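Working notes for the structure below.
The values are calculated or read from the model by the stated rules, or taken from the named source; none is laboratory data. Given the structure is predicted, the values throughout are model-derived calculations rather than measurements. Note: ideal-geometry Cβ built from the backbone for every residue, glycine included; neighbour counts use all protein chains shown.
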Amino acid sequence: MYSFEPNEEQQMLLDSVSRYAKGDLRPAARECEESKTLPQKLVRKGWELGVLQASTPEAYGGFGERSAVTGVLAAEAMAWGDLAGTLAVMTPGLFTLPILLAGSEEQKKQWVEPVVSGDWQPFSAALIEPSFDFDPNDLKTSATPQGDSYLLNGVKSMVPYAETAPALIIYAKLDGATRAFIVPQNTPGLTVAAREKLMSLNALPLYRLNLENVSVPQANLLPGDFAPVLAAMRVANAALALGVATASLEYARDYAKERQAFGVKIAQKQAIAFMLAEMATEIEAMRLLTWQAAWMLDAGKEEAFTQAYLAATGAADMAMMVTDRGVQILGGHGYIREYPVEMWMRNGRGFAAFTGLAIA
């Protein structure tokens, strides 16, 4: 049975992440969203907390062991401050964690340590495709064997830092299954299109990626299965949704306690109180589901992949409901940019499509 109490190392990391989320990410979030930029100083400060390093063995430049539980705890705490900033800090994990989960020993030694042990670098990954029926287990991007290499063809979207990434993990269909390939930035046939224009995450640089006969050597194919990688992405997505939803709930709750209408605090109105109670209940339910999925992944439970899927889909629905009600509770104030709830609602709407932007 798993414990609900973080161990000493996890608690120290959580305390540091929470201070960063409250003191750095939250105050900068609105300006970053409006200016469509994330200061490198802000991202590097988050990187120096060592969240990725804590889930990377010492042999590969880290100081801990792989732990999905630690990853989701940190992701939720950081996303409470700002989702775009959190995704930026976590971007190098999109490259290293799949290699740790599905890579060969040679790939781990070659690629992981230089990323984990150095300063923040925009190593990234490309999973999402610009298709209404996007399915990570049935990609349209293809990998075709050609001699001692593979040719990748397709289009990827919402790729963090694609323009400056030294290398990327690119996912493609090979023999009917999703496989991961390590692709250096300047590989011929790999081109970065214009920056994406999205409903939210305006501070995070996301790009479309075109692949036309991109030749990748066999040595750059990750030999392991995609399922553990996808499950780790899904629990990360669920944890991020929890962070955003909790931010919205707390802000709406505190506002309702202070705002008066017809001589009473609106928190005393039954309709508002019921909404806040349901928001809190859904968050707690999804938090337990997410923690359980992460624990199952760490324990190697066979049903962990199903649990991760349930956590991701449930948390996406929960985030939409909670952030929408956060706007409702603020009334007219919820609709203007002076208050953060409208930004959290736009973020919450996207979680159904965010799988592939973070991994825990």
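Considering the range 142-199, the residues that are among the hydroxyl-bearing types (S, T, Y) and closer than 25 Å to A227 by Cα include one that is surrounded by the most Cβ atoms within 10 Å (Cβ to Cβ), namely Y171. Restricting M286, M296, M320 to residues that are farther than 19 Å from L83 by Cβ and touching a helix residue (DSSP H, G or I) at 6+ places or on another chain (Cβ under 6 Å) narrows the list to M296. Flag: M279 does not match the condition of being touching a residue at least 60 places away in the same chain (Cβ under 8 Å), in contact with a helix residue (DSSP H, G or I) (Cβ under 8 Å, 6 or more places away or on another chain) and surrounded by 20 or more Cβ atoms within 10 Å (Cβ to Cβ). Among the conditions (1) charged (D, E, K, R); (2) more than 30 Å from L310 (Cβ to Cβ); (3) assigned by TED's automatic domain parsing to the domain that holds G348, the only one that R195 does not satisfy is (3).
Those residues that are in contact with a Ser or Thr (Cβ under 6 Å, 6 or more places away or on another chain) and either more than 30 Å from T56 (Cβ to Cβ) or among the hydroxyl-bearing types (S, T, Y) (or both), I need them from the range 308-340; list them, please. Correct list: V322, T323, G326.
Under the condition of being surrounded by fewer than 23 Cβ atoms within 10 Å (Cβ to Cβ), out of contact with any Phe, Trp or Tyr (no Cβ under 6 Å at 6 or more places or on another chain) and not small (G, A, S), the residues counted in the range 208-229 number 11.
One line per residue, one yes/no per condition, for (1) β-branched (V, I, T); (2) closer than 22 Å to I128 by Cβ; (3) outside the structural domain of A162 (by TED's automatic domain parsing); (4) part of a helix (DSSP H, G or I):
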site: L13; (1), (2), (3), (4): no, no, yes, yes
site: S16; (1), (2), (3), (4): no, no, yes, yes
site: V72; (1), (2), (3), (4): yes, yes, yes, yes
site: P92; (1), (2), (3), (4): no, yes, yes, yes
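Any idea which of L201, L240, L230, L249 is on the phi > 0 side of the Ramachandran plot, at pLDDT 95 or above and outside any strand (DSSP E or B)? Testing whether each residue is on the phi > 0 side of the Ramachandran plot, at pLDDT 95 or above and outside any strand (DSSP E or B) leaves just L201. The set of residues from the range 258-306 being in contact with a Leu (Cβ under 8 Å, 6 or more places away or on another chain) and within 15 Å of D324 (Cα to Cα) comprises L276, M279, A280, I283. In this structure, L83 does not qualify as crowded, with 24+ Cβ neighbours inside 10 Å, of a type outside the set (D, E) and in contact with a strand residue (DSSP E or B) (Cβ under 7 Å, 6 or more places away or on another chain).
Note on the range 120-153: residues that are modelled with pLDDT of 95 or more, part of a loop (DSSP other than H, G, I, E, B) and of a type in the set (S, T, Y) total 1.
List every residue pair whose Cβ atoms sit under 7 Å apart, with the two residues 6 or more apart in sequence or on different chains, where the first one lies in the range 286-308 and is under 16 Å from I359 (Cβ atoms) and in the same structural domain as A241 (by TED's automatic domain parsing) and the second, anywhere, is hydrophobic (A, V, I, L, M, F, W, C) and surrounded by fewer than 17 Cβ atoms within 10 Å (Cβ to Cβ). Listed pairs, sorted by first residue: F305/A227. In the set (1) more than 21 Å from P136 (Cα to Cα); (2) crowded, with 20+ Cβ neighbours inside 10 Å; (3) assigned by TED's automatic domain parsing to the domain that holds G334, the condition left unmet by L204 is number (3).
Looking across the range 16-39, the residues that are polar (S, T, N, Q) and under 17 Å from R195 (Cβ atoms) come down to S35, T37.
Quick one: which residue in S104, S117 is among the hydroxyl-bearing types (S, T, Y) and at pLDDT 95 or above?
Step by step, each of S104, S117 is checked, and only S104 is among the hydroxyl-bearing types (S, T, Y) and at pLDDT 95 or above.
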